[in-house]
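Please treat every number below as a calculation from the coordinates, not as lab data. Every value quoted in this text rests on a predicted model; they were computed, and no experiment measured them. Please note: Cβ atoms are built from the backbone with ideal geometry, for glycine as well, and neighbour counts cover all protein chains shown.
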Amino acid sequence: MAFGNADPRLNRTATVGRAQSGAAFDAGLRSYMLSVYNYMGIALVITGVVAYLVSQLSVVTNDNGDIVQLTALGETLFMSPLKWVVMLAPLGFVFFFSARLQKMSVAAAQATFWLFSAAMGLSLTTIFLAYTQESIASVFFMTAATFGAMSLYGYTTKRSLAGMGSFLFMGLIGIIIAMVVNIFLASSALQFAISVIGVLVFVGLTAYDTQRIKESYSIHMNGEMASKGAIHGALRLYLDFINLFVMLLSLFGKNR
């Protein structure tokens, strides 16, 4: 009586089946990550278009491009109490979106994400008033290159970045507290420190979040959960990109 392996053909069949299953998983993962980046990219376009258009409608400039005065829209958005709504609306969207995502339909989640990106664009209108368009463009490409490199690292590395999570979260909390304090101090030295530390934190978060989103695919493999997971992942990477851009702009942007 033989006690060895069963028919070798069964082993070959099992091996082929595992290979096919692995290939299907890899293809699904690539499609999932592509959806994440597509959602993020569309959101960035909406944010940029809204910020630019509103900035053009908010000021009167002379022939040299210098700001002469605010228009009625500009005074309403930036000089009235409504400015606090403009500043805080994106934060409200993030809390609402995170709390309600699982109860939303995919269409509602998409619509909320697009509205959030438009609200963020409205809140970022001031960057077009404070910095030259040339420096905004150069810092944007700098941000895109940095983000792309770190996101690629997070996607391809075999090293677990889970240990970075708590450290990066503490750094993020520290940045938020320092920013609130600096509203009252208006210290240029503190702002510089916030920007430098912020760049390091959001560079790290880009890699960390990319790896976490990749790992989440095994949970959100298909159907509605996959679509919602892609939108939520896009939100995380979008916030990393926007905050990295703002921090770099504070360091390298040229004032108007």
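A crude spin-label estimate for the pair V106 and S135, with each label 7 Å from Cα along the Cβ direction, gives 4.4 nm. In the chain, the longest principal axis of the Cα atoms and the axis of helix 106-123 are about 30 degrees apart.
Compared with the direct C-alpha span, the chain from W84 to A27 gains 16.0 nm at full extension, assuming 0.36 nm per residue. Summed over qualifying helices (DSSP H, 4 residues or more, each -39500 (n - 2.57)) and divided by its residue number, the chain shows a 222 nm mean residue ellipticity of -28000 deg cm²/dmol.
Across the range 198-203, rounded Karplus estimates of 3J(HN,Hα) from the backbone phi angles (6.51 cos²θ - 1.76 cosθ + 1.60, θ = phi - 60°) give x, 4, 4, 5, 6, 5 Hz, Gly and Pro being marked x.
Relative to the longest principal axis of the Cα atoms of the chain, the long axis of helix 133-156 lies at roughly 20 degrees. Residue ranges 27-33, 97-103 sort as 27-33, 97-103 when ordered by packing (mean number of other C-beta atoms within 10 Å per residue, highest first). By how many degrees, 0 to 90 and rounded to 10, does the Cα axis of helix 164-185 deviate from the longest principal axis of the chain? Around 10 degrees separate the two axes. Here L57 and L200 are evaluated by their C-beta separation; at R0 = 35 Å the FRET efficiency comes out at 0.45.
Remark: the range 21-252 carries a charge dipole of roughly 740 debye about the Cα centre, counting +1 on each Lys and Arg Cβ and -1 on each Asp and Glu Cβ. Between A144 and M225, full extension at 0.36 nm per residue minus the direct alpha carbon distance yields a gain of 26.3 nm. Taking only the C-alpha atoms of the chain, Rg followed by Dmax gives 22.8, 97 Å. Stretching R212 away from N255 to a fully extended chain increases their span by 11.8 nm, per 0.36 nm per residue minus the current alpha-carbon distance. What shape does the range 46-152 have by the C-alpha gyration tensor, where a ≥ b ≥ c are the square roots of the eigenvalues, rounded means a/c under 1.5, and otherwise prolate means a/b greater than b/c and oblate the rest? It comes out oblate by the Cα gyration axes.
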